[in-house]
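Reading through the C-alpha cells given below for one structure.
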Amino acid sequence: MIIHPSLLHTQMSGIRMMAQRAAEKKHPVYALTLGLPHIPTPEHIVRAARDAAQTGHTVYTPNAGLPALREAIADYMHKKYGLHYDGLSEVLVTHGATHAIDAALRTILTPGCDVLLPSPAYPGYEPLIRLCGARPIAIDTSASDFRLTPDVLAQHITPHTRCLILTSPSNPCGTAYDQDTVRRIAHVLADHDMMVLSDEIYSELVYDRAHTSIASIPEMRPRTIVVNGLSKSHAMTGWRIGWIAAPASIAQHITKVIQYSITCACSISQHAAYAAVTTGTDDALALRTLYAAHRDITCTALRSIGCDVVRPDGAFYVFPNIRHFGLDSMTFATQLLDAQHVAIVPGSAFGPHGEGYVRISYACATADLHEALARLCAWARTL
Ligand code: PLP
C-alpha cells in the first residue's frame, strides 16, 4: 500500500479533536471551539436555495460558477473593499474557502518551493502546502502581537520563496493588518518575484476600522490571489461556498483545478450565495456588533486572571497566553473540559508557535459566553 508521504505525518486538526472530545461528553458542554457563527443562515438565503431547488436549478453550473453569481461577487468586493475584479474572467466560485486555498496552492506551488506562513496559523494551510511537495516556513509572530512585521518578512524571503499566506483577520489570533502595515508589507514584496495568498474569510468581521485587502494596492493586485467566502459572514459553513479573485492570467489556470477536482460548487448553494451577496450585503452587521462586544467581555475576563491578551481586531477568536498557569496548552484545555465542561482549543493546534496559548471562540450566545468565562476564571484561579 502506498500513501502520500506527507499524509503519513499529517494529524487530524486539533480544533476538530477538541470539538469531538466535547461532543463525546455525557453532560452539556460550553463549546468555545469551532469557528462558526452561533446564528442560523438568514432566512432570505434559505428561501433562495429552496426556490432554486424547486425550479430545477439542480444541474452542473460552469466550472467557475454561475456567471451572475461571479459578477455579483465582483460587485460585492468592489462596494465593500474597493477591489476591482472582472466577474467573468477573474472570480471563481469554490467549495468553501478551504477548496479555494487548495485550488490556489495547487496552481502556483511546485515541489521544493517555500511558502511563508505567519504563525500561529490556521491549521488548514500546512497539509495542503505539503501535498504540493512545497515547504511551509512558519514565521513566529508572537513577539509582534501576532502580526507579521515588514522587517521580519524581509528576513525570511529567499530565492525559494514562492508565496506568502496573509490571513487578515487571523485565525487563531483575531489580529488584522491596517492599511499602513499592508502598504509596508507590499513594499518589501515589491523587490521579490513571489505571490500572496490573501485569506480574507473574516473580512466582514473587522470591528473598529475598514477591512484592508493587500490586493487593493495596485502593485500587488497582479500577484495576489484573494480567498473569501460566505461561511463566516453569512453563517453558511455547511453550504460550502467560497471564492477566489485573481488576475485572469492566473484564474484561467485555477479554473482547471476546479474543473478536475469538483466540476463546480453545488448549484443550489450558488443560488443561495447570490442572495447573500446581493440582497444580504448587510447581513453581517448585527454579528459584527455582537462579536465586538463579546471580544471586550472575553478580554476583560482573561485579563482578570492575569492572562496577556492581544486585543483582536476581528474574526471571533481570542488567543490568550496561559504560560503563567504552568500547564501546557493541551493539558490546560483538557483539564478545563473535564473539570468545568468548557471546551476551548489548545494553542498547539496552530503550530509550534501556538504552544503556551489557547484559542477561545466567542461566537456563541452572550449568556453562554458569560457562564463559560465565569467557569474558566474560577477554575484558573485554583491552579
Ligand atoms: N481560512 C480560515 C482562516 C479559516 O479560519 C477557515 C475556517 O475556519 C477557512 C479558511 C475555511 O473556510 P470554509 O469553511 O469556507 O472552507
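Bear in mind these aren't lab numbers, they're just calculated from the coordinates by the rules spelled out. If you're wondering where the values come from, they're calculated on a predicted model, not measured in any experiment. Cβ coordinates were reconstructed from backbone atoms using ideal geometry, including for glycine residues, and neighbour counts include every protein chain displayed.
With the dipole of the chain worked out from charges on the C-beta (+1 for Lys and Arg, -1 for Asp and Glu) around the Cα centre, which of Tyr362, Gln155, Leu8 lies farthest toward the positive end?
It is Leu8.
Straight-line reach from Lys256: which aspartates and glutamates fall under 15 Å, measuring Cα to Cα and dropping same-chain residues less than 8 apart?
Of all the aspartates and glutamates, those that pass the test against Lys256 - Cα under 15 Å, at least 8 places apart if same chain - are Glu90, Asp102.
If one computes the Cα centroid of the range 65-86 and of the range 233-269, what distance in Å separates the two points?
The range 65-86 and the range 233-269 have Cα centres separated by 13 Å.
How far apart, in nanometres, would the label points at Gln179 and Ala143 be if each is projected 7 angstrom from Cα along the Cα-to-Cβ direction?
Each label point lies 7 Å from its Cα, and together they span 3.1 nm.
Output the Cα-based Rg and Dmax of the range 113-203 in Å, rounding Rg to one decimal and Dmax to a whole number.
Here Rg and the maximum Cα pair distance are 12.2, 34 Å.
Starting from the Cα of Asp191, step 7 Å along the direction of its Cβ; do the same at Leu88; then give the gap between the two resulting points in nm.
The modelled label-to-label distance comes out at 4.2 nm.
Quick one: length gained pulling His324 to Ala292 fully straight, 0.36 nm per residue minus the C-alpha distance?
8.8 nm
On a straight-distance basis, which lysines could pair with Lys25 in a cross-link, Cα separation under 29 angstrom, same-chain partners fewer than 8 positions away excluded?
Lys232
Could you give the nm distance between label points at Asp368 and Asp75, where each point is 7 Å from its Cα heading toward the beta carbon?
Spacing of the two 7 Å Cα→Cβ label points: 3.5 nm.
What are the ³J(HN,Hα) couplings of the range 282-294, residue after residue, when phi is run through the Karplus curve with 6.51, -1.76, 1.60 and θ = phi - 60°? Round to Hz, x for glycine and proline.
9, 4, 7, 4, 5, 4, 4, 5, 5, 6, 5, 5, 4
Work out the charge dipole of the chain with +1 on the Cβ of Lys and Arg and -1 on the Cβ of Asp and Glu about the Cα centre, then indicate which of Tyr122, Leu92, Ala31 is farthest towards its positive end.
Final value for the positive-end residue is Ala31.
Roughly how compact is the chain, stated as its Cα Rg over 2.2 N^0.38 Å to two decimals?
0.97
If amide H atoms are built 1.01 Å from N in the plane of the peptide, which residues on other chains or at least 5 residues away come under 5 Å of the amide H of Val358?
HN-HN under 5 Å from Val358: Ile322, Gly347.
In deg cm²/dmol, rounded to 500, what helix-only [θ] at 222 nm does the chain give when every DSSP H run of at least 4 residues adds -39500 (n - 2.57) and the total is split over its residues?
-12500 deg cm²/dmol
I'd like the Karplus ³J(HN,Hα) series for the range 232-249: coefficients 6.51, -1.76, 1.60, θ = phi - 60°, whole numbers in Hz, and an x wherever there's a Gly or Pro.
With the stated coefficients, the range 232-249 comes to 8, 5, 10, 6, 10, 4, x, 7, 6, 10, x, 7, 10, 10, 7, x, 4, 5 Hz.
When the label point is put 7 Å from the Cα of His160 along its Cα-to-beta-carbon vector, which residues of the range 193-213 have a backbone N closer than 20 Å?
193-197
If r is the Cβ-Cβ distance from Arg21 to Asp282 and R0 is 41 Å, what FRET efficiency results, to the nearest 0.05?
Efficiency computed from Cβ-Cβ geometry: 0.65.
Across the chain, where is the longest run that never hits trypsin sites (Lys or Arg not before Pro) in a DSSP loop with at most 16 other C-beta atoms within 10 Å?
The answer is 27-208.
List, in order, the whole-Hz ³J(HN,Hα) value for each residue of the range 67-72 obtained from phi through the Karplus relation with A = 6.51, B = -1.76, C = 1.60 and θ = phi - 60°; use x for Gly and Pro.
For the range 67-72, the Karplus-derived couplings read x, 4, 5, 4, 5, 5 Hz, x marking Gly and Pro.
I need the calculated FRET efficiency for the pair His9 and Tyr60, taking r as the beta carbon distance and R₀ as 45 Å, to the nearest 0.05.
E between His9 and Tyr60, to the nearest 0.05, is 0.80.
Check which residues have an amide H placed less than 5 Å from Gly229's amide H, if you skip close sequence neighbours.
Trp243
Relative to the longest principal axis of the C-alpha atoms of the chain, give the angle of the C-alpha long axis of helix 267-278, reported between 0 and 90° and rounded to the nearest 10°.
80 degrees
Explain nothing, just the number: dipole magnitude of the range 43-278 about its Cα centre with +1 on each Lys and Arg Cβ and -1 on each Asp and Glu Cβ, in debye rounded to the nearest 20.
My answer is approximately 460 debye.
Give the shape of the range 63-184 as rounded, prolate or oblate, defined through the alpha-carbon gyration tensor: a ≥ b ≥ c are the square roots of its eigenvalues, a/c under 1.5 means rounded, and otherwise the shape is prolate if a/b is larger than b/c and oblate if not.
Because a/c hits 1.5 or more and a/b fails to exceed b/c, the range 63-184 counts as oblate.
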